[in-house]
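Scroll down for the structure; my scribbles are underneath it.
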Amino acid sequence: MKENKAEESGTNRRKFLKLGLLSSFTAIAGSSIVTSLTAQEEEKEPAGEVIRLLTPDGKIVEVNASNINNYPEALITPEESRKGIPDRKFVMVIDLAKCKNARKCVEGCQKGHNLDYGQEFMKIKLLQDNPTSEPYWFPKNCMHCDEPPCVTVCPTGATFKREDNIVLVDNERCIGCKFCVTSCPYSARIFNWEHKAKFDDKSQPYSPETSVPGATGTVTKCDFCPDLLRQGLLPHCAQSCPEGVIYFGDKNEDLVTNGQETLSFSKLLTDRGGYRHLEHLGTKPNVYYLPPVDRLYELEDGFDVSEEVKERYKDVPYVQELKKQGKI
Amino acid sequence: MNIESRKRELFKEFAPRLETTSMLTKIYIGFLIVIILAGLYAFYLQMSEGQIVTGMRDNVVWGIYEVNFILLVCISYSGAFISGILHFFHTPWKTAIARIVEIITVLSLLIGPIYILLCMGRLDRLHYLFMYPRIQSPITWDIMAIITDIVACFIYLYLTFIPDFAILRDHCEERNIPKWIKKMYKTLAIGYQDTKTQRNRLHKITRTMSAMVIVLAIVAYSVLAWIFSLTLQPGWNSTIFAPYFIIGGLFSGVAFIIITMYLVRKFYKLEKYIRRMHFKVGGIILLILAMLYGYFTFTEYFSRWFSHKAIDTNLLDKLFTRYFWEFILANYVGILVPIGILFFKKFRTIKWVTIAAIIALVGVWLNRYLIVIPTLETPYVPIQDTRIDYLFYSASWVEITLSIAGIATFLLMFTLIGKIVPLVPMNYILDGRTAPDTVQNKDNKKISE
């Protein structure tokens, strides 16, 4: 219905936005409509190149190329960002068997979200489940829980859960009480403790979907990069990982991809024994982990990082042993 | 008329303190103002530089501000609770200490919430709490509880002040008291003439308010505890937290009242009214609360230790290594020593009861510290960071200065209130439930013992 309407008014009011999430195998998976355009954009534009798009219900529509919304002009206002992308249930699967602490996901995320060194939405932990088993590298971002404790405790609704599974923070609403930080069992949230020059950069209008620019005295965290998702791209971390550790996808479609291969989400979890971190807390995360079995890399390979990063793991008993043996 | 002459006598007794300010008091007030100014500078620094000037970081996002907040607000709630009980049950010996308790209640309730505001990253957005309130957030409950409590406590305090304002208004004319204060007495007395109807009405309202203040205190205590216990964090997620906070709060509140009683008695020369009997009763209440509080503390840690969930074990390990001395001071010394002192009748003297109260108060502050900070340092996902300030919390000078400034503000406001009204409610004395002159001699002996 919406698409038909769009077809009729394709040349003027409405703009189209590609949401080809699984772009590796679907040229254009669908389109969604972006409302609330600025006044100048509403001016009738001269007819130019016409592009044919495939709508989710299988229709071909022709739209003016200039009406295709290009990032970053496709500003999603804080109000719109509360709705989420229709009919999506985003999930992430992290394959622990392939992670070697290359830290490319961390760096990609920091670059994408204009974060400083040390400020990490994606953190790589070294976990050891019991004294006998070997530790493993554990990339950890926000779990985008279905029962998010952070959202429950927020006194102003600055953090919210969307229809498409994503939990976002609106830093224009946040009062910085930090209750969400204390209630998150995954330590996913970080705080902007001081003012930084980059916060004044208003060249890109603020959107909770990009988390950029940040704001002093507010909370921020991993946002699953909805701005990229709207363009049919994978989140920064999944894009940057050279090993294809991070799969991202849509639970409704039952597909996840790491950019190299596209797999069935449910089958992947079944075959590989996928689990969620701290399941017993009942937060119902949307980030799944595949256990670190048949690993591609030795644990020690992960210590090929800067001295400073290496220092982080010095308290893990296994690392102390490795150090004693002179292996790292 | 007998009652009229009594009023005049009482006024004569208390008036000199209202009239003149001694040099020493002036120096003292000046000293307090200097500390408060230092606090304001620290506040300015925190506002301009951001919370980076505090010791708080991504893991420990609440520091000693939160600890001070809990302590002060709990003192206030217990002040309300105790004052309500004293009034509601017409406790005969309340006369001397009722006003002190009421002033403590209101002042700590005004200063306490400042600390939670200091924890907030965006004070400029404070109004968002009312613009976009979300009822399921325990912070919203806490705000409602605190605001209701502040209003109720103010009304209650004011009600108990009215008859005294009337006495002051009627007798201040011939005295050397600044004009604006005389005018203030007149306004605040709102035409109270101490007629029989007026007196009865006032008694009725005060009694109703005292009952409400008790209930409100219980609600506010519980909501404060829920801010912690409704999260999933180890050391916070506990079913007994609400009653534990009530007992702990009453314990620190009674200790605080005893210390204030001691200071007021000493510096305001009120030995005639605040007698050993008050410390004795206070000591017995403190003893009972110490035992209850010890029991709660024991239960809380014992069940965590015995069931040894991995995350609880991590927390307890931290408490018994990094926080060993704090833990001993808070939960052994802070509870067992007051019990040890107060258990023996011969130690229930003014000096020893006050010493026990000081130990108890410091113990409770440390206990709150050990509730807030080690938990935040022990998250489910281990902290692996190279930045040392992100691993462990230690309060910065800004936080310490602001904490001390809070105490100074309390003392200053207490002193100023003491300059406007007598710290012993004259109307209670007139009620005749205790006649100080009859017991005075007997009691003076006791004091000199």
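For this structure, a couple of remarks:
- Segment B:407-416 - phi-based ³J(HN,Hα) in whole Hz, Karplus 6.51/-1.76/1.60, Gly and Pro as x: 4, 4, 4, 4, 4, 5, 5, 4, 4, 5
- Rounded to the nearest whole angstrom, the semi-axes of the ellipsoid equivalent to segment B:3-154, taken from the Cα gyration tensor as √(5λ), stand at 36, 24, 13, largest first.
- Kirkwood estimate for segment A:87-199, i.e. one over the average of 1/r between Cα atoms, Å: 15.9 Å
- Across peptide B:27-40, the average count of Cβ atoms from other chains found within 10 Å of a residue's Cβ is 0.
- Only Cα pairs under 8 Å and 6+ residues apart enter the sum, and on that basis the relative contact order of segment B:42-166 stands at 26 percent.
- Convex hull volume per residue for segment B:240-295, taking Cα atoms only, in Å³: 61 Å³
- Projected area averaged over orientations for the protein assembly as shown, convex hull of C-alpha atoms, nm²: 40.8 nm²
- Legend: ranking of residues A:Leu269, B:Leu45 from fewest to most surrounding C-beta atoms inside 10 Å; resulting order B:Leu45, A:Leu269.
- For segment A:245-328, a crude dipole built from +1 on the beta carbon of Lys and Arg and -1 on the beta carbon of Asp and Glu, taken about the Cα centre, is about 300 debye to the nearest 20.
- Gyration tensor (Cα) of segment B:185-277, equivalent ellipsoid semi-axes in angstrom: 36, 23, 11
- Electrostatic tally near A:Val219: other residues with Cβ closer than 9 Å to its Cβ, Lys and Arg +1, Asp and Glu -1, net +3.
- Averaging 1/r across all pairs of distinct Cα atoms in segment A:143-218 and inverting the result yields a Kirkwood radius of 12.9 Å.
- Amide H contacts of A:Val212: A:Ser207, each under 5 Å away and 5 or more positions distant or on a separate chain (H built 1.01 Å from N in the peptide plane; Pro and chain starts excluded).
- Residues whose amide H comes within less than 5 Å of that of A:Thr159, counting only those at least five positions distant or on another chain, are A:Asp170 (H built at 1.01 Å from N in the peptide plane).
- Projecting the alpha carbon convex hull of segment A:206-328 along each direction and taking the average yields 11.0 nm².
- Amide H to amide H, with H built 1.01 Å from N, A:Glu194 comes under 5 Å of A:Gly217, counting only residues 5 or more places away or on other chains.
- At q = 0.16, 0.19, 0.23, 0.25 Å⁻¹, base-10 log of I(q)/I(0) for segment B:249-339 (Debye sum, equal scatterers on each alpha carbon): -0.74, -0.90, -1.11, -1.20
- Per-residue shielding of B:133-139, expressed as the average number of other chain Cβ atoms within 10 Å of the residue Cβ, stands at 6.
- Applied to segment B:218-223, the Karplus parametrisation 6.51 cos²θ - 1.76 cosθ + 1.60 on θ = phi - 60° returns per-residue 3J(HN,Hα) values of 5, 4, 5, 4, 5, 4 Hz, with x for Gly and Pro.
- Over chain B, all Cα pairs binned in 10 Å intervals from 0 give whole-percent P(r) values of 4, 19, 29, 26, 14, 6, 2, 0, listed from short to long.
- Protection proxy ranking of B:273-284, B:252-263 - average other beta-carbon atoms within 10 Å, highest first: B:252-263, B:273-284
- Spatial extent of segment B:325-379: Rg and Dmax, with the Cα atoms as the point set, Å: 13.4, 47
- Each residue of segment B:302-309 was assigned a 3J(HN,Hα) from its phi angle through the Karplus curve 6.51 cos²θ - 1.76 cosθ + 1.60 (θ = phi - 60°); the sequence is 4, 5, 5, 5, 5, 6, 5, 5 Hz, with glycine and proline shown as x.
- The separation of segment B:165-204 from segment B:353-385, counted between C-alpha centres, amounts to 46 Å.
- Note that segment B:266-417 shows a convex hull volume over its alpha carbon atoms of 133 Å³ per residue.
- Comparing segment B:134-173 with the 2.2 N^0.38 Å rule of thumb, its C-alpha radius of gyration ratio is 1.91 (two decimals).
- Gap separating the Cα centres of segment B:231-256 and segment A:273-328, nearest whole Å: 37 Å
- Per-q log10 I(q)/I(0), segment A:171-261, q = 0.15 Å⁻¹ (Debye; single scatterer per alpha-carbon; no solvent): -0.73
- Here segment B:174-223 has an Rg and Dmax of 16.7, 50 Å, counting Cα atoms alone.
- Computed log₁₀ I(q)/I(0) - Debye formula, equal Cα scatterers, no solvent, segment B:141-296, q 0.12, 0.16, 0.17 Å⁻¹: -0.78, -1.13, -1.18
- Taking a quarter of the surface of the Cα convex hull of segment A:249-316 gives a mean projected area of 7.0 nm².
Rule-based calculations on the coordinates, nothing more; no lab input. Note that the structure is a prediction, hence the values are computed from the model and not measured. Please note: Cβ atoms are built from the backbone with ideal geometry, for glycine as well, and neighbour counts cover all protein chains shown.
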